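Here is the structure we will look at, set down as structure tokens.
We did not get these values from a lab; they are worked out from the coordinates using the rules stated. Here the structure is a predicted model, which means the values were calculated and not measured. Note that each Cβ is placed from the backbone with ideal geometry, even for glycine, and that neighbours are counted across all protein chains shown.
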Amino acid sequence: MARDGYKFVLPLLILTGFSVFLHQPIITVIILALTAFTAFFFRNPHRVIPDGANLIVSPADGKVVKIARDENGEQTLCIFLNVFNVHVTRAPIAGAVARFEYKRGKFKVAFDEEASRVNEQNIVWFDGPDMSLVVKQVAGLIARRVICWKKPGDAVERGELFGLIRFGSRVDVVMPGHVNIRVGVGDKVRGGSTIIGDYQ
């Protein structure tokens, strides 16, 4: 389980104990169900990180909802996470966190294209030996908290955990134009293990 989950699960377990002590079976079942869902939401399953040079892995679990190229040639790949997806986020390349920016904003539905521009988000720049890219942790209608555990200068391995988004959201990856994207709109991806692109 992701470390942020314990601050939610432990109080719920304590409430469960009080409910049992007070002989409140219906309340106990409700709290246990909420505890189970919370633990499920904050799960952090083991992932096999692919070997090989010049690979970019997905930073999150979810569904690819958009791939676009702007006038400067940069490519953006957008992943929508529903409430049942794993919500930890992972570094797509090995290298270091070059820059971090928290941006206040709105809480539009995460699959809305405008969410990438106007919603509350963390913007994390990753510098690798051969390339740089940006990952945006975008809050949604339900997700009201985006968390980055890394700070500028911290080294990261490909597929390493760097943050978490609470309760449904969106993750955007902004990559240089020379990246060969290996997934398509509608594809399901798994954080740390699905190769989303490669480059020379």
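With θ set to phi - 60°, apply the Karplus curve 6.51 cos²θ - 1.76 cosθ + 1.60 along the stretch 31-38 and write out the HN-Hα couplings as whole Hz, x wherever there is a Gly or Pro.
5, 5, 5, 5, 5, 5, 5, 4
Quick one: which residues, 5+ away or cross-chain, put their amide H under 5 Å from the amide H of Ala60? H built at 1.01 Å from N.
Residues meeting the criterion, in which the H sits 1.01 Å from N, are Arg90, Gly191, Gly192.
Springs between alpha-carbon atoms under 10 Å, Gaussian network over the chain: tell me which of Glu101, Glu120, Glu160 tops the mean-square fluctuations.
Glu101
Of the options Ile30, Asn85, Gly192, report the single residue whose Cα projects farthest towards the positive end of the charge dipole of the chain (beta-carbon charges: Lys, Arg +1; Asp, Glu -1).
Ile30
About its Cα centre, what dipole magnitude does the chain give when the only charges are +1 on Lys and Arg Cβ and -1 on Asp and Glu Cβ, stated in debye to the nearest 20?
Charge dipole, the chain, about its Cα centre: 660 debye, nearest 20.
With loop defined by DSSP as not H, G, I, E or B, and exposure as at most 15 other Cβ atoms within 10 Å, which is the longest segment of the chain clear of exposed trypsin sites (Lys or Arg not before Pro)?
It works out to 44-103.
What angle do you read, to the nearest 10 degrees and between 0 and 90, between the alpha-carbon axis of helix 6-21 and the longest principal axis of the chain?
Roughly 10 degrees, rounded to the nearest 10.
Taking Cα pairs under 8 Å and at least six residues apart, what relative contact order does the chain come out at, in percent?
Contact order relative to length: 27 percent.
Tabulate in residue order the Karplus-calculated ³J(HN,Hα) for the stretch 56-67, using 6.51 cos²θ - 1.76 cosθ + 1.60 with θ = phi - 60°, rounded to whole Hz; enter x for Gly and Pro.
My calculation for the stretch 56-67 gives 10, 9, 5, x, 7, 7, x, 10, 6, 10, 6, 9 Hz in order.
If each residue's Cβ is checked for other Cβ atoms within 10 Å, how do Cys148, Cys78 rank with the fewest at the top?
Final ranking by Cβ density, sparse to dense: Cys148, Cys78.
Could you work out the local net charge near Pro176, counting Lys and Arg as +1, Asp and Glu as -1, over the other residues with Cβ closer than 11 Å to its Cβ?
Summing Lys and Arg as +1 and Asp and Glu as -1 gives -1.
Order by neighbour count: Asp61, Asp130, Asp154, fewest other Cβ atoms within 10 Å first, most last. Intermediate results must be reported in sequence, preceding the final value.
Values: Asp61 25, Asp130 12, Asp154 15.
Sorted ascending by nearby Cβ count, the order is Asp130, Asp154, Asp61.
Which of Phe84, Phe100 comes first, and how do the rest follow, when ranked by fewest Cβ neighbours within 10 Å?
Phe84, Phe100
Using a Gaussian network model of the chain with C-alpha springs under 10 Å, which one of Gly95, Gly184, Gly128 is most mobile by mean-square fluctuation?
Taking springs between Cα atoms under 10 Å, the residue moving most is Gly184.
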